[in-house]
């Protein structure tokens, strides 16, 4: 999906209106779509956390969306109040029209004493801000941030620049952002990416011709793209045709990591998954569907690679790195695998083994570094270190010929053809041990099942983040919960999953 700047979005809106769709209709669609997203989000929380909804409305179109949302929520039986930053007499156009439709059962206030059982809907500033928020809006933003409430931003968190994600002054910290029409750059970069919370997109019928010619600020991977990749499994498929994966990894420090990857590959559709670990590693309770290969000796990991080399030619994908250390024998084993013509997903300490003399690799491969690992790899390969995360991923992909999954908030997938996409799912729940190992296995599973490497990486990253978004408790979420959540997340994306 095309990502646009806030400036471009306003131009697309204007072109849509000029094509015959009124601003009043667009605002109604925005408000109704946002209401549906808000209701779905609030269903995840106990009633004690959402006793009253307080909509904070500014004087522009974002404020107009707030009046529609307040009306729609009230009609659905929610206890709603609206705090207006400016007198309703100062509203113009579609915002004024929808303000007049607000039922009298929704009080319009100039201030509200928030408590933790309130939900705040932020419709103060929207995408038009260029600089710090001014009084009285800046004071309202500070009050909202200090209140300890759930906060939902409409279009973009107030105070964030939609063009570049910067926040020059006070800015809303949102738990959910419902953005309208298109994804904006400011939701995916800078402070905006940190302040938006979970991201949802509302389709309001933007003119496709206007959007088609609009300047693009990049591409994002969304639920629509994920659904397109999760088609029906072919009739008559069997465990070999759905993909064979081997995971190499494990150490005394991290015995469980390769098994997390292996189970993830199984749950993403791979028909046969083997986990190859040293004998010294205890085989913990794991899914009985996993095949476990163990070997002992002073060159444990290298011996595993040698012993399995003939069998590896029948494997669709190998994942290497989960739970490895940087001991010489482990590095040697990785280098041995890098020299083969087998598809590889390379993660964690296995990334340390990549050096310039191992390139170019003949077979397709996927690298899954975080930002520090990505930068160190680029330096080791003789490249420069771009500060922009998209360029960082693009540079490493160009240097290695690999699909690069640059992990972090808004994980970025860069492919050798130069394409770069932002992921649009995920929460802080993923900041726990083992989730990266699971992502590695998911990529391997989807890739072995027949997807192209870049598509497998994009889909895995999207589903990975979707599971985190459905967590009932962010702090209590662990990697085991992520595995358990894969089936429901896949089923929610596509009926054919």
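The values are calculated or read from the model by the stated rules, or taken from the named source; none is laboratory data. For clarity, every value in this text was computed on a predicted model and none was experimentally measured. Neighbour counts are summed over all protein chains in view; Cβ atoms, including those assigned to glycine, are modelled from backbone coordinates with ideal geometry.
Applying the selection to the stretch 152-174, what residues are crowded, with 21+ Cβ neighbours inside 10 Å and within 19 Å of the chain's Cα centre (by Cα)?
Answer for the stretch 152-174, where residues must be crowded, with 21+ Cβ neighbours inside 10 Å and within 19 Å of the chain's Cα centre (by Cα): 152, 153, 154, 155, 156, 157, 162, 165, 174.
Restricting the search to the stretch 172-200, which residues are in contact (Cβ under 8 Å) with a residue 60 or more places away in the chain, in contact with a strand residue (DSSP E or B) (Cβ under 7 Å, 6 or more places away or on another chain) and not in a loop (DSSP other than H, G, I, E, B)?
Across the stretch 172-200, the qualifying residues are 176, 178, 180, 183, 184, 185, 198, 199, 200.
Looking for something modelled with pLDDT of 95 or more and surrounded by fewer than 23 Cβ atoms within 10 Å (Cβ to Cβ) - is there at least one such residue anywhere in the stretch 236-243?
So far as the stretch 236-243 goes, no, none of its residues is modelled with pLDDT of 95 or more and surrounded by fewer than 23 Cβ atoms within 10 Å (Cβ to Cβ).
Can you find a residue that is surrounded by 20 or more Cβ atoms within 10 Å (Cβ to Cβ), outside any helix (DSSP H, G or I) and in contact (Cβ under 8 Å) with a residue 40 or more places away in the chain anywhere in the stretch 473-485?
yes
Mind checking which residues of the stretch 117-140 are modelled with pLDDT of 95 or more, in a loop (DSSP other than H, G, I, E, B) and surrounded by fewer than 18 Cβ atoms within 10 Å (Cβ to Cβ)?
Within the stretch 117-140, 117 is the sole residue that qualifies.
Could you please let me know if residue 329 is more than 24 Å from the chain's Cα centre (by Cα), surrounded by 15 or more Cβ atoms within 10 Å (Cβ to Cβ) and either at pLDDT below 90 or not assigned by TED's automatic domain parsing to the domain that holds residue 407 (or both)?
It is true that residue 329 is more than 24 Å from the chain's Cα centre (by Cα), surrounded by 15 or more Cβ atoms within 10 Å (Cβ to Cβ) and either at pLDDT below 90 or not assigned by TED's automatic domain parsing to the domain that holds residue 407 (or both).
What tally of residues in the stretch 204-216 results from selecting those that are touching a helix residue (DSSP H, G or I) at 6+ places or on another chain (Cβ under 7 Å) and assigned to a helix (DSSP H, G or I)?
2
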